[in-house]
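Structure record follows, encoded as structure tokens.
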Amino acid sequence: MDDMDEQSVQARGGFAYGVKHGDLHVHGSGGVSYRLERVEDPLPGDPVPHRWPEGRLSALWLHGPDFTRTGAASASIAAGFAADGWAVLAARPSNAPGTDPVPADATGVVIIVAGADDWSTPELGWLLSNTVLHRPELPARLLLTASSMNGLPALRAALTPLRAGIHPIEIARPSGGTVPADRPGDVPRGTTDVT
């Protein structure tokens, strides 16, 4: 066996294929993609103290153990943008083709990504490449909810070449005990900006 017959194939966070003496054509992984859907009238909740990084594109990573509270926090922030004429969108798993959900009169765009720590780094990178986020005339914001800070370093690295920043905000459990993650109507009360 000579060196021309040896092959090393490695993959981190995706798929890898090795082919000897031939061509390989790959047409999608068959995995779940996403589509952007318009969120009509996000429900305002208790105010959530937050600070956006500077720039046309920026993000907040809302994290905490209670999915209902982080979701309510993102909806509360999004409701403020909606009141100012911004288009509020949600990135939802789907393989169905989408249409442009941003109305012509929008003054900006906000995309909510629920459970962002369940998205792989390539999936979040694919979202960041969406042209909705790169229209020079529209400021863009990402509201990402997560149970932990696990996906934040990779996302921060992906945002850096785009000259976009991200701030993490911990959405704490209410004082005096734990709250089940599926408790309906729960809204965020204790938030801490950890930047």
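Quote the Stokes-Einstein diffusion coefficient, in whole µm² s⁻¹, for the stretch 32-193, based on the Kirkwood radius over alpha carbon pairs, a temperature of 37 °C and a viscosity of 0.692 mPa s.
Details: Rh = 15.9 Å.
Translational D for this selection: 207 µm²/s.
Just want the ordering: His134, His63, His167, from fewest to most Cβ atoms lying within 10 Å of their own Cβ.
On the way: His134 13, His63 23, His167 18.
Result, fewest neighbours first: His134, His167, His63.
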Revision key, fill the gap. Sorted by chain and number, the residues with a modelled amide H under 5 Å from that of Ser147, at a separation of 5 or more or across chains, are Gly64, Asp117
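By per-residue mean of other Cβ atoms within 10 Å, what is the highest-first order of 143-149, 100-106, 39-45? Display every interim value, and only then the final one.
Values: 143-149: 20.4, 100-106: 12.6, 39-45: 15.1.
So the peptides 143-149, 100-106, 39-45, ranked by packing, come out 143-149, 39-45, 100-106.
No value in this document is a laboratory result; all are computed from the given coordinates. Please read all numbers here as calculations on a predicted model, not as lab measurements. Counting neighbours? That spans all protein chains shown, and the Cβs are built from the backbone with ideal geometry, glycine included.
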